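Asks: The structure follows.
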Amino acid sequence: MSTRICLVRHGETAWNAERRLQGHIDIPLNETGLAQARATATSLASERFDAAYCSDLTRARQTAAAIATHCGLTPGFDAGLRERHYGGFQALTYDEARTRFPVDYRRFETRDPDFVFPEGGESLREFAGRIHTALEHIAKIHQGGTVLVVTHGGVLDIAHRLATGKHLEAPRDFTIPNAALNWIGHDGENWSLIAWAEQRHLAGALDELPNA
């Protein structure tokens, strides 16, 4: 029996608008993000979910709360669905990180899977393993069901690659807008991509990376 998972990136934050790396820093939605969360909730009002899961960071929790109100859900909070930990890059804009850590930034930009951010960050490989474990657990316990997962841009990058088989090192050629709908499936053995970056309900949304 196939399981469907609807992945939603949180709504916009002030740091998204500033192109500032958030990672594990707990930043709330801005007014645009709150409006996006409400629009996403309305767009999902006719869906029937068996369960909902959410990163425990505020920006995801606020987005999930808006959807839960419309869909009659009580999200379970899971730190395993957090954004990647960007270590010393956190709180910097992409330009500031490039200037302050030029060598490290190049490894980040080229998706070196074993590069670990300075000051306690995660490697891409470690992060992907964390997300694979979280999504596989959700698919297993809700086999044949439909599940909502509210999370972060980096998580969605990993989820898309999991569903399509795209390598971690490959440049991203798909969008990850705030508050868009992204559907993946699991048949008990394999993942598949159902639909991605549905955003008809949004007036506009920022991508997870700058200049994208």
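Asks: If you check A68, A91, A128, which single one turns out to be on the phi > 0 side of the Ramachandran plot and under 19 Å from the mean Cα position of the chain (by Cα)? I'd like the intermediate steps shown before the answer.
Replies: Working: A68 fails: on the phi > 0 side of the Ramachandran plot; A128 fails: on the phi > 0 side of the Ramachandran plot.
After applying the criteria, what remains is A91.
Asks: Would you check if there is a residue in the stretch 149-164 being surrounded by fewer than 19 Cβ atoms within 10 Å (Cβ to Cβ) and touching a residue at least 40 places away in the same chain (Cβ under 8 Å)?
Replies: no
Asks: If you take the residues in the stretch 166-210 that are of a type in the set (D, E) and part of a loop (DSSP other than H, G, I, E, B), which one is surrounded by the fewest Cβ atoms within 10 Å (Cβ to Cβ)? Give the derivation first.
Replies: The initial filter retains those residues of the stretch 166-210 that are of a type in the set (D, E), namely 169, 173, 187, 189, 198, 207-208.
After this cut, where a residue has to be part of a loop (DSSP other than H, G, I, E, B) as well, the list is 169, 173, 187, 189, 207-208.
On the way: E169: 11, D173: 7, D187: 13, E189: 5, D207: 18, E208: 19.
Out of the qualifying residues, it is E189.
Asks: Okay, moving on. Do we find a residue being of a type in the set (D, E), in a helix (DSSP H, G or I) and without any contact (Cβ under 8 Å) to a residue 12 or more places away in the chain anywhere in the stretch 82-95? Before the answer, list the steps.
Replies: From the stretch 82-95, those of a type in the set (D, E) are 83, 95; that's our starting set.
Then keep just the ones that are in a helix (DSSP H, G or I); that gives 95.
Filter again for without any contact (Cβ under 8 Å) to a residue 12 or more places away in the chain, leaving none.
No, the stretch 82-95 contains no residue that is of a type in the set (D, E), in a helix (DSSP H, G or I) and without any contact (Cβ under 8 Å) to a residue 12 or more places away in the chain.
Asks: Continuing with the same structure: Name every residue in the stretch 1-20 that is surrounded by fewer than 21 Cβ atoms within 10 Å (Cβ to Cβ), part of a loop (DSSP other than H, G, I, E, B) and modelled with pLDDT of 95 or more, in order of residue number.
Replies: The answer is E18, R19.
Asks: Here's something else I'd like to know. A37 fails exactly one of the following numbered conditions: (1) assigned to a helix (DSSP H, G or I); (2) surrounded by fewer than 20 Cβ atoms within 10 Å (Cβ to Cβ). What is the number of that condition?
Replies: Unmet condition: (2).
Asks: Can you pull out the residues in the stretch 81-114 that are of a type outside the set (D, E, K, R), within 19 Å of I158 (Cα to Cα) and surrounded by fewer than 17 Cβ atoms within 10 Å (Cβ to Cβ)?
Replies: Restricting attention to the stretch 81-114, the residues satisfying the condition of being of a type outside the set (D, E, K, R) are 81, 85-94, 97, 99, 101-103, 105, 108, 110, 113.
Imposing the further condition that a residue be within 19 Å of I158 (Cα to Cα) reduces the set to 81, 85-87, 108, 110, 113.
The answer is T110, P113.
Asks: Of the conditions (1) at positive phi; (2) under 15 Å from the mean Cα position of the chain (by Cα), G120 fails just one. Which one is it?
Replies: (2)
Asks: Going by the structure shown, is W191 aromatic (F, W, Y), modelled with pLDDT of 95 or more and over 18 Å from G129 (Cα atoms)?
Replies: Numbers: aromatic (F, W, Y): yes; modelled with pLDDT of 95 or more: yes; over 18 Å from G129 (Cα atoms): no.
Here the answer is no, as W191 does not meet what is asked.
The values are calculated or read from the model by the stated rules, or taken from the named source; none is laboratory data. This is a predicted model, so every value here is computed, not measured. When we count neighbours, we look across all protein chains shown, and the Cβ atoms used for this are built from the backbone with ideal geometry, even at glycine.
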